[in-house]
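The values are calculated or read from the model by the stated rules, or taken from the named source; none is laboratory data. Because the structure is a prediction, the values reported are computed rather than measured. No Cβ is skipped: glycine too gets one built from the backbone with ideal geometry, and neighbour counts run over all protein chains shown. Areas reflect the complete protein model, heavy atoms only, side chains present, ligands, DNA and RNA absent. Shrake-Rupley method; radii C 1.70, N 1.55, O 1.52, S 1.80 Å.
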Amino acid sequence: MSWRVIWIPELLGAVLGGIFVFRLGMGTMPKTVLNACEEVTGMLRENRRYENWVTGTEKKLRKNGAKFHYGKKITPVKYLLMRLFLSLGAVLALGTIGWGYVLLAAMGLYYVPELLLLYLNRQDNRKMMPDLQLIYQALEVQTCAGVYVTDALTECCQSVRTQRLQQALMELSGDLVIQSDLVTALSDFQQKFDNRQIDALCITLIQAGESGQAVDLLKDMGEQLKDMELTVLQQQKSALDRSITFYQLGMLGAVLGIILYACVGYMFRAVVQF
């Protein structure tokens, strides 16, 4: 079978898809198609499983900062379509190689956005650790000076360098001004991160507001966070040392290989001359 015959269905699919998108963008799609899409969407919205999936996906995307990394307009449906389009791209690109490779590539690309989002969230958590330590210190100092917790949180927005945390703190300040409910505002703030340190911060602030021992609690949590930061820095140093050792061994192996190759070549030339 020639390559022209193999690519005919894919070319037809691309042409029909382009015509569909063009007609949809020009507003010339038949009303029956649009009505059918609206009916299907309405049926999905009425399904409880669909609602549970949307709620769970929204919670997961919010905790991992999907709107910060994938755009503010990301929704569970758009997130699913993005993953499906990546899988479809693998099918169209590798359709002629073999169905086994196609399925592996499609499954791999389907989970790429999920794994990438988790990786980016872990990177954000590492970047936010110095900012969280700074927040603890600022809250401790301002609380000792008699500043209320909500006012202290509002002032912490200017000192934070991580953009995601700074934006969340600004939204927290707005919620505190509008609602005047510390527990509700902190609960909403906590749901924007998948970070144990932020969970501990919110719990500490709630307990401090209830018990009145804000200074002692903030000081204890700040010390614990400092110890955790030192542990993370030590782990990064150990990983860097291992990488340096690996690169040194690689360079040594390459040099030994070149020397061995030169010696063997010299021996063969000597044998040929004799």
Pseudo-spin-label distance R48 to K63, built 7 Å along Cα→Cβ, given in nm, is 2.3 nm
Once both label points are put 7 Å beyond Cα along the C-beta direction, the L81-Q167 separation in nm becomes 2.1 nm
Rounded to the nearest 10 Å², the accessible area of F189 using a 1.4 Å probe with every protein chain kept is 10 Å²
Largest-first ranking of E171, E155, E140 by accessible area, probe 1.4 Å, whole protein assembly kept, is E155, E171, E140
Using alpha-carbon coordinates alone, the radius of gyration and Dmax of the range 61-101 in Å work out to 13.9, 39
